[in-house]
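The values are calculated or read from the model by the stated rules, or taken from the named source; none is laboratory data. On a predicted model such as this, the values are computed, not experimentally measured, just so you know. Backbone-built Cβ (ideal geometry, glycine too); neighbour counts: all protein chains shown.
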Amino acid sequence: MTYFKKADDVLEQLGKEGTVIVDARYVLNDTEAGKRAYAESHLPGAYYADLSHDLSSPKRPNGAGGRHPLPEPETLAAFLGSIGISRNTTVIAYDDQGGAMASRLRWLLHGWVMTDKSTS
């Protein structure tokens, strides 16, 4: 399994059935920067995943779970389904932070949501 792709490989996937492109741009000290960047430009057909709203639960009053607590599985599954992601989907995620934000989605998909816990 390859987690990092060259731009040419990504371009070949654009518009292919069974592939979902996710723009995960986010800046920790400017929480609206990713949304603005997405509105200005993004890969054709890409969906936006907001770290604070789509890939995390709301901050807890006591600070448990840190700045971006893990999302509730049902909430995350609903978001993923709403943008066409299922167990059989090829997901291409990108950001402008060296992969730091896109890797959150990759981790959630690979290690938490899409893993059958009964077989691991």
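Odds and ends about this structure:
- Within segment 1-35, considering residues that are of a type in the set (D, E, K, R) and closer than 20 Å to PHE79 by Cβ, the one surrounded by the fewest Cβ atoms within 10 Å (Cβ to Cβ): GLU32
- Within segment 57-86, residues that are within 14 Å of VAL20 (Cβ to Cβ) and in contact (Cβ under 8 Å) with a residue 24 or more places away in the chain sit with their Cβ atoms under 6 Å from residues that are surrounded by 11 or more Cβ atoms within 10 Å (Cβ to Cβ) and aromatic (Phe, Trp, Tyr), at 6+ positions apart or across chains, in these pairs: ILE83/TYR47.
- Of the criteria (1) under 12 Å from the mean Cα position of the chain (by Cα); (2) loosely packed, with under 13 Cβ neighbours inside 10 Å; (3) polar (S, T, N, Q), which one ASN62 fails: (1)
- Residues of segment 1-49 that turn out to be part of a loop (DSSP other than H, G, I, E, B), over 21 Å from SER82 (Cα atoms) and acidic (Asp, Glu), as a count: 1
- Only one of the listed residues (SER57, SER52) is in contact with an Asp or Glu (Cβ under 8 Å, 6 or more places away or on another chain) and either assigned to a loop (DSSP other than H, G, I, E, B) or surrounded by 13 or more Cβ atoms within 10 Å (Cβ to Cβ) (or both). That residue is SER57.
- In segment 87-113, the qualifying residues are those that are assigned to a loop (DSSP other than H, G, I, E, B) and touching a residue at least 24 places away in the same chain (Cβ under 8 Å), and the one that is surrounded by the most Cβ atoms within 10 Å (Cβ to Cβ) is MET101.
- Test: residue in segment 58-78 that is modelled with pLDDT of 95 or more, of a type in the set (D, E, K, R) and out of contact with any Pro (no Cβ under 9 Å at 6 or more places or on another chain): no
- Residue list for segment 22-42, filter: within 18 Å of TYR94 (Cβ to Cβ) and modelled with pLDDT under 95: LEU28
- Selection within segment 25-45: residues that are among the small types (Gly, Ala, Ser) and touching a residue at least 40 places away in the same chain (Cβ under 8 Å). The member of this set that is farthest from ARG104 (Cα to Cα) is ALA37.
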